[in-house]
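The structure appears below as structure tokens.
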Amino acid sequence: MSETRFQDEYNREARACDIFVSLFATKTGKYTEEEFDEAYGVFKDHKGKPQIYTFFKSTLISTDRKNEANLKSLWDFQGKLQNHGHFWTNYDDIEHLKRQFRDQLDKLLDQGKM
């Protein structure tokens, strides 16, 4: 049980973390976007913390109209990221994701941020 909605606890963690990672494939959920907004707000207030990494999976999807709302949520979120000046990374599979994220961690190590 939680005295608040569980999302409030996730948002609190997003505000408190040093590294925030979000993964997307075919849609952007409202709660994931809410968590991103929390982390981004702290990032703006604290000049670079948390480090925010956003990954989008390259995937084959049906062009059926039933996917329209999901895809629109994804494209709208990508537009929001562009407006923030935030660059995202695409990945093909789990190994590609792990390699790309490891590269980001190595950069933080090289910069003395970890």
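We did not get these values from a lab; they are worked out from the coordinates using the rules stated. Since this is a predicted model, take the numbers as computed values, not measurements. When we count neighbours, we look across all protein chains shown, and the Cβ atoms used for this are built from the backbone with ideal geometry, even at glycine.
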Modelling each spin label as a point 7 Å along the Cα-to-Cβ direction, I'd like the ASP103/LYS66 distance in nm, to one decimal. 3.6 nm
Only loop residues by DSSP count here, and only those with at most 14 other Cβ atoms within 10 Å; note down the chymotrypsin sites (Phe, Trp or Tyr not before Pro) in segment 44-98 that meet that. PHE87
Looking at segment 6-110 only, what percent of DSSP beta bridges run antiparallel? Nearest 5 please. 0 percent
Quick one: among ASP37, ASP76, ASP64, which has the greatest mean-square fluctuation in a GNM of the chain with alpha-carbon springs under 10 angstrom? ASP64
For a paramagnetic label modelled at 7 Å from the Cα of GLU3 toward its Cβ, which residues of segment 34-55 fall within the zone defined by backbone nitrogen distances under 20 Å? none
Using distinct alpha-carbon pairs, which all enter the 1/r mean, Kirkwood radius of segment 6-110 in Å: 14.7 Å
Under the rule of at least 5 residues apart or a separate chain, name every residue whose amide H is placed under 5 Å from the amide H of VAL21. TYR53
At 25 °C in a medium of viscosity 0.890 mPa s, segment 10-70 has a Stokes-Einstein diffusion coefficient, with Rh taken as the Kirkwood radius over alpha carbon pairs, in µm² per second, of 193 µm²/s
Normalised by the number of residues in the chain, what is the relative contact order in percent for Cα pairs under 8 Å and 6+ residues apart? 26 percent
Please build a GNM for the chain, connecting alpha carbons under 10 Å apart, and tell me which residue among ASN70, ASN83, ASN11 fluctuates the most. ASN83
Could you please report the charge total around LEU60, scoring K, R as +1 and D, E as -1 over all other residues with beta-carbon less than 13 angstrom from its beta-carbon? -2
I want to verify a result. In a Gaussian network model of the chain, Cα cutoff 10 Å, which of these has the top mean-square fluctuation: THR28, THR54, THR63? THR63
Cβ-Cβ cut-off under 11 Å around ALA69, Lys and Arg +1, Asp and Glu -1: the net charge is +2
